[in-house]
Amino acid sequence: MLNDATPDIVETFRAALPEGVVRGVEQRYLEEPRDRLTGRAGAVLCPASVEEVSAILRLASAQRVGVVPYGGGTGLVGGQVAPEGPVPLVLSLERMTAVRGIWPEEGVMTVEAGAILQDIQGVAEDAGRLFPLSLASEGTARIGGLLGTNAGGVNVLRYGNARELCLGVEAVLADGRVMSGLKRLRKDNTGYDLRNLLIGSEGTLGVITAASLRLFPRPSDVSAAVLEVASPAAALELLGRAQALAGQAISAFELIAAQGPEFLVEHLPQVRLPWAEVPEWSVLIEIGTFGGQSAQELLEQVFAEGFEAGLVRDGVVAASEGQRAEFWAMREALPEGNRKVGSVVSNDISLPLSRVPEFIEQAGQAIGKTGDFRINCFGHLGDGNLHYNVFPGAGKARGDYPESAYEELKDIINQLLADMDGSFSAEHGLGRAKVGDLERWGDPVRLEMMRAIKKTLDPLGILNPGAVVRQG
């Protein structure tokens, strides 16, 4: 049983750690973007080095007090806040932002876990390289949290999830020991893949303090297009045709339903849309080319072939970098539009690509039978990841629906995902919000293995208690 982080325990940490590490609790450390969970903490700990993180976890083990790792606070499943159980300490790595090294010729940089994603992208760009992880919260999200959740974003189609972008990690275990795994190697077949065990574990098996990241050549030309498509099935066929034309040059292929841009018109009118009238379905495609090949011309070929095949009805190929930026500003504003409306249930799901149109049709029909709802379906069609969110009907608010509506809608969606070999958590992780979903919908043997790993690496249960798996 863990102890509360009482004032006496906090003073123990304060006496043992350098000045400035132990801080008071600001409200921002207790909040999450969807305002569904509110955390508690006895103090916030802000170490400046891996040695200080090690000292913190040794003390936490000795005092039997929980520690909640905190990155940029952008997680959407409550992994960074602890609303229940013994009061923990929050461990923020915001002071650990150093670039420990960059080797452009190797395509590698090593950074500390508190580095903000946008800053990492900038350092890579200054070195003539690309770090391709990209998502709407990149100005706030920190690399430790992004690796902890195995974040995805818009470029997974070409470059993979955070896991594929990381060669090695340094991490502190629950008892304070440091695992030094920052080798910059593509091949290292020396036993169990502990790096990938820690990536995606959401701070429940160890605290990532630094990472060696993969860098890539920067495309010589980049362009984007927004194309109106006849249906999700047409979008999927267009993806196949686009890949046949452009191959690995396609970095993003985003599906957008009309409801998302309509929310922007209603709540964020300053966001510029690429249409006079919002189409029922559209896709945002980005292509990056090398060797003098024109990305714009390649997109125009995709547009033309899709139009001739009856898949594309209309569209706009970016004529400038500014217009490309406007397309992405619209796409990245969709989550904020959702927040302005307030969903009844939000879902971060993935499916085999061929099942995506079927899921969208069946889920829409099933949800339509339960009541008056609006559905905003958008996301990364190129890798089968949809953000499938259900909102109150026009003129209604979330509070107009009974609490049972949340569980009913979630069950409809999760059952369809189970039937179609999908996943109820594609890129956001489990946090605390989806622990019950894992227990109900996950494979029981896999869950048993996860609990065994957790018990082995964190026998006292001090690392992010309550997140990912419940310990029996």
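Bear in mind these aren't lab numbers, they're just calculated from the coordinates by the rules spelled out. This is a predicted model, so every value here is computed, not measured. In this analysis, Cβ positions are derived from the backbone assuming ideal geometry, glycine residues included, and neighbour counts consider all displayed protein chains.
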Inset, instruction - Would you mind checking which residues have amide H under 5 Å from VAL312's amide H? H placed 1.01 Å from N; only 5 or more apart, or other chain. - result: PHE307
Legend entry - segment 1-129 - Rg and Dmax from Cα coordinates, angstrom: 16.5, 51
Inset, instruction - Round to the nearest 0.05 the FRET efficiency obtained for GLU106 and ALA244 when R0 = 41 Å and r is the Cβ-Cβ distance. - result: 0.80
Legend entry - Residue-wise HN-Hα coupling along segment 364-374, computed from phi with Karplus coefficients 6.51, -1.76, 1.60 (Hz; x: Gly, Pro): x, 5, 5, 5, x, 7, 8, x, 8, 9, 10
Inset, instruction - Please express the shape of segment 99-217 as an equivalent ellipsoid: the semi-axes are the square roots of 5 times the eigenvalues of the C-alpha gyration tensor, given largest first in whole angstrom. - result: 21, 16, 13
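Arrange the following residues from fewest to most other Cβ atoms within 10 Å of their Cβ: SER404, SER49. Provide the component values of the computation, followed by the final result.
Values: SER404 8, SER49 15.
In order of increasing Cβ crowding within 10 Å: SER404, SER49.
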Inset, instruction - Please report Rg over Rh for segment 361-472, where both radii come from the alpha carbon positions and Rh follows the Kirkwood definition. - result: 1.03
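I'd like to compare 408-416, 201-209: which one has the highest average count of other Cβ atoms within 10 Å, and what's the full order after that? Display every interim value, and only then the final one.
Details: 408-416: 17.9, 201-209: 26.6.
Per-residue mean Cβ counts within 10 Å order the peptides as 201-209, 408-416.
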Legend entry - Between 0 and 90°, nearest 10: helix 444-457 axis offset from the chain longest Cα axis: 40 degrees
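What number, in nm² with one decimal, is the all-direction average of the projected area of the convex hull of the alpha-carbon atoms of the chain? Each step should come with its number before you reach the end.
Numbers: hull surface 90.1 nm².
Hull-based average projected area comes out at 22.5 nm².
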Legend entry - Amide H within-cut-off set for GLY168, under 5 Å, with H built and near neighbours excluded: SER212
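Tell me, what is a quarter of the convex hull surface for the C-alpha atoms of segment 318-366, in nm² with one decimal? Present the calculation step by step, with values, prior to reporting the outcome.
Details: hull surface 21.2 nm².
The Cα convex hull of segment 318-366, projected and averaged over all directions, gives 5.3 nm².
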Legend entry - Derived scalar couplings ³J(HN,Hα) [segment 128-143; Karplus, 6.51 cos²θ - 1.76 cosθ + 1.60; whole Hz; x for Gly, Pro]: x, 10, 10, 9, x, 4, 8, 8, 4, 8, 5, x, 10, 5, 10, 5
Inset, instruction - Kindly give Rg over Rh for segment 221-419, based on alpha-carbon atoms, with the Kirkwood expression for the hydrodynamic radius. - result: 0.99
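I need the calculated FRET efficiency for the pair ALA325 and THR6, taking r as the beta carbon distance and R₀ as 60 Å, to the nearest 0.05. Walk me through the numbers before you get to the answer.
Working: r = 50 Å, r/R0 = 0.83.
Between ALA325 and THR6 the formula returns 0.75.
Quick check on the chain: helices-only [θ] at 222 nm, where DSSP H runs of length 4 and up contribute -39,500 (n - 2.57) each and the sum goes over total residues. Nearest 500, please. Mind showing how you got there, number by number?
On the way: 14 runs with 159 residues, N = 472.
Result for the chain, helices only: -10500 deg cm²/dmol.
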Inset, instruction - Can you tell me the relative contact order of the chain? Whole percent, Cα pairs under 8 Å, sequence separation 6 or more. - result: 16 percent
Inset, instruction - Beta carbons within 10 angstrom, averaged per residue: use that to sort the peptides 427-435, 353-361, 84-92, highest first. - result: 427-435, 84-92, 353-361
Inset, instruction - Hey, can you grab everything whose amide H is under 5 Å from the amide H of ARG374? Only 5+ residues off in sequence or another chain; H modelled, so Pro and N-termini drop out. - result: PHE391, GLY393
Inset, instruction - Using the Karplus curve 6.51 cos²θ - 1.76 cosθ + 1.60 with θ = phi - 60°, work out ³J(HN,Hα) for each residue of segment 305-314 in order, rounded to whole Hz, and write x for Gly and Pro. - result: 5, x, 5, 5, 7, x, 8, 10, 9, 6
